[in-house]
1. For an R0 of 41 angstrom, estimate the FRET efficiency from the Cβ-Cβ distance between residue 147 and residue 29 and round to the nearest 0.05.
2. In a Gaussian network model over the chain where Cα atoms closer than 10 Å are linked, find which of 185, 118, 96 has the largest mean-square fluctuation.
3. What relative contact order, as a whole-number percentage, does the stretch 1-97 give when Cα pairs under 8 Å and 6 or more residues apart are counted?
4. Go ahead and estimate [θ] at 222 nm for the chain from helices alone: -39,500 (n - 2.57) per DSSP H run with n ≥ 4, summed, over the residue count, rounded to 500.
5. Mind jotting down the distance between the C-alpha centroids of the stretch 156-195 and the stretch 43-81, whole Å?
6. With a cut-off of 8 Å between alpha carbons and a minimum separation of six or more residues, what is the relative contact order of the chain in percent?
7. Which order do peptides 163-172, 121-130, 26-35, 57-66 fall in by mean Cβ count within 10 Å, highest first?
8. Points 7 angstrom from Cα along the Cβ direction at residue 40 and residue 4: gap in nanometres?
């Protein structure tokens, strides 16, 4: 048994925050969040709905072992989509976008993470609080079905992956268009102004 497995979720999450430079408490109280996409930083509001989903998302990183780099975020996105985000609509939006991006760059890793998610559970149905944070990593991995091997994909699993992949690619396309539209408009305005 690893030392990490004996930590409570609270202890493991604090270690995760420290290792990833997220600041004490994960910066949940910040009004704005910076996310770097490659060399480009993006700032967006840290809404109550985002924080509500992020509290579980961060614990999922601890439990699954997916990293916080681009590949890891794409993998955990696929895992969370497959295991279900319930009424966490921000998680659905962000995860579908992340899964869609991952399908372009690492489709096999995304398929494996999705398959793992289909056969495990996540914390989005849980009540966030002291009781949850006091449970050990090992105990929660077992409770969520992460302590057994992931089965080979069935025909139904493959069809489910195909359907969610289509949704993820659509969400990524919409997100990309929403990002590029103002850039294209600004470029058009600049060209017309320079004429």
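We did not get these values from a lab; they are worked out from the coordinates using the rules stated. Quick caveat: nothing in here was measured; it's all calculated off a predicted structure. Don't worry about glycine lacking a Cβ; one is built from the backbone with ideal geometry, like all the others, and counts go over all protein chains shown.
1. Plugging the Cβ-Cβ distance into 1/(1 + (r/R0)^6) gives 0.75.
2. 185
3. Worked out over the stretch 1-97, it gives 20 percent.
4. -21000 deg cm²/dmol
5. Rounded to whole Å, the Cα centres lie 21 Å apart.
6. RCO, the chain: 23 percent.
7. For the peptides 163-172, 121-130, 26-35, 57-66, the packing ranking is 57-66, 163-172, 121-130, 26-35.
8. Calculated label separation equals 3.2 nm.
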